[in-house]
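K.L.:
Supplied in structure tokens, the structure appears directly below.
The values are calculated or read from the model by the stated rules, or taken from the named source; none is laboratory data. All of these numbers come straight from a predicted model, not from anything done at the bench. Neighbour counts run over all protein chains shown; Cβ positions are idealised from the backbone, glycine included. Accessible surface is based on the protein model in full, side chains and every heavy atom, while ligands, DNA and RNA are left aside. Shrake-Rupley method; radii C 1.70, N 1.55, O 1.52, S 1.80 Å.
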Amino acid sequence: MDSRDALLARTRWRPWEFVFWAVVFVLPALLPSKALMINEIAIIALFALSLDLILGYTGIVSLGHAAFFGFGAYTSALFAKHVMPDPTVGLVVAIAASAALGAVASITILRGSDLTRLMVTLGTALLLLELANKLDWLTGGADGLQGVVMGPVLGLFEFDLYGRTAAWYSMAVLLVLFVIMRRLVQSPFGATLKAIRDNRLRAMAIGVPVVSRIAVIYTVAAAVAGAAGALLAQTTGFASLDVLAFDRSADVLLMLVIGGVGWLYGGIAGAIVFKLLQDTLSTVTPQYWMFWIGLILVLLVLVGRDRLLRPWTWFGKRAGAAR
């Protein structure tokens, strides 16, 4: 009973989680001038969570996760432009299309080493980027897909110029998908993912269907990334080649480095810190803001996430060893 109670306790929501989400949803009303930034943070946080499913919980490294983000963005934008402008229906369509792409792409990562997966995932994103560039009659090419007009959310809430509706819409989708992912990773299915991450051969030896588990979680991660891309296209009314660029995949990796992997709130924390750093540093030093982010990442790796904000502990172990 003790072990069962411990497992059940891990699935229960803690009081600070309710406080966190309550504060998050109040922010657009408290800081209306920052609603657009809040919307962007919610979108990139959802993108980071999708990567954490395969990196933090399954141990699959990807440098091309932007493929699903961009595919979801273009799918929702094209759906709104040529079929119907309802954002919720477009979101569902983008999730389904991205999941289908993820299911097909999962075949390429079932075998090989981490280096092989890095190259394969990067190649997938580059292929989609080149396709989006060449099919300019459909995607707009380098000029981007223009003329995308979104209808009101649920037929009631119009998107405003200040971004408050967009922020609440993105945060609502983030919360719903977060709850689903939280339940997923804390289920027996999630436990098998962690077993694959820790030791793939041992997981196979105890009967875990490794191939099917990897294919399923990769598909789910692609669907969530597609949802994030769809939110970006819907709330901005625009989709360009930037959504498929390598920078997207690199940035989301940085967010997980900052916030931590294998912990869903790490993706959210990393997205918040990364966006605030980007906004602040690009204002102070517009040309060199990436230098400071790189410096912070080096310090993060050298001294650890827990000790980064406590400089007096950076050399504690060395001092103890010297004595």
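K.L.:
What is the residue count in region 106-163 for residues that are open to solvent by 60 Å² or more (accessible area, probe 1.4 Å), part of a loop (DSSP other than H, G, I, E, B) and among the β-branched types (Val, Ile, Thr)?
P.N.:
Count: 1.
K.L.:
Scan region 54-79 for residues that are open to solvent by 10 Å² or more (accessible area, probe 1.4 Å) and touching a residue at least 40 places away in the same chain (Cβ under 8 Å) and jot them down.
P.N.:
To start, the set of residues in region 54-79 that are open to solvent by 10 Å² or more (accessible area, probe 1.4 Å) comprises 55, 57, 59, 61, 63, 71, 74-75, 78-79.
Residues satisfying the conditions are Leu55, Tyr57, Gly59, Val61, Leu63, Phe71, Tyr74, Thr75, Leu78.
K.L.:
Here's another thing I want to ask about it. Tell me yes or no: at least one residue of region 266-274 is open to solvent by 30 Å² or more (accessible area, probe 1.4 Å), within 17 Å of the chain's Cα centre (by Cα) and touching a residue at least 12 places away in the same chain (Cβ under 8 Å).
P.N.:
Of all residues in region 266-274, those open to solvent by 30 Å² or more (accessible area, probe 1.4 Å) come to 269, 272-273.
Imposing the further condition that a residue be within 17 Å of the chain's Cα centre (by Cα) reduces the set to 269, 272-273.
In the following step, the residues that additionally are touching a residue at least 12 places away in the same chain (Cβ under 8 Å) were identified as 272-273.
Checking region 266-274: at least one residue is open to solvent by 30 Å² or more (accessible area, probe 1.4 Å), within 17 Å of the chain's Cα centre (by Cα) and touching a residue at least 12 places away in the same chain (Cβ under 8 Å).
K.L.:
With the requirement that a residue be open to solvent by 20 Å² or more (accessible area, probe 1.4 Å) and not β-branched (Val, Ile, Thr), what does region 23-53 give you?
P.N.:
Result: Phe25, Leu27, Ala29, Leu30, Leu31, Pro32, Ser33, Lys34, Leu36, Met37, Glu40.
K.L.:
Are there helices (runs of 4 or more DSSP H) fully within region 168-254 with at least 3 residues that are aliphatic (A, V, I, L, M) and under 16 Å from the mean Cα position of the chain (by Cα)? List them. Please lay out each step first, then the result.
P.N.:
Details: elements: 188-198, 200-205, 210-236.
Here the list reads 210-236.
K.L.:
Could you say whether any residue in region 154-161 is over 21 Å from the mean Cα position of the chain (by Cα) and within 19 Å of Val220 (Cβ to Cβ)?
P.N.:
Here is the first cut: in region 154-161, the residues over 21 Å from the mean Cα position of the chain (by Cα) are 154-161.
Now drop any that are not within 19 Å of Val220 (Cβ to Cβ), which leaves none.
Within region 154-161, not a single residue is over 21 Å from the mean Cα position of the chain (by Cα) and within 19 Å of Val220 (Cβ to Cβ).
K.L.:
Here is a check on your reading of the model: is Met84 in a loop (DSSP other than H, G, I, E, B) and not aromatic (Phe, Trp, Tyr)? Reasoning before the result, please.
P.N.:
Values: in a loop (DSSP other than H, G, I, E, B): yes; not aromatic (Phe, Trp, Tyr): yes.
Criteria met by Met84.
K.L.:
Which ones in region 201-247 are open to solvent by 60 Å² or more (accessible area, probe 1.4 Å) and closer than 21 Å to Val89 by Cα?
P.N.:
Thr236, Phe238
K.L.:
Could you please find all residues in region 255-265 being of a type in the set (Val, Ile, Thr) and assigned to a helix (DSSP H, G or I)? Steps first, please.
P.N.:
Quick first cut of region 255-265, residues of a type in the set (Val, Ile, Thr) only: 257-258, 261.
Hits for region 255-265 are Val257, Ile258.
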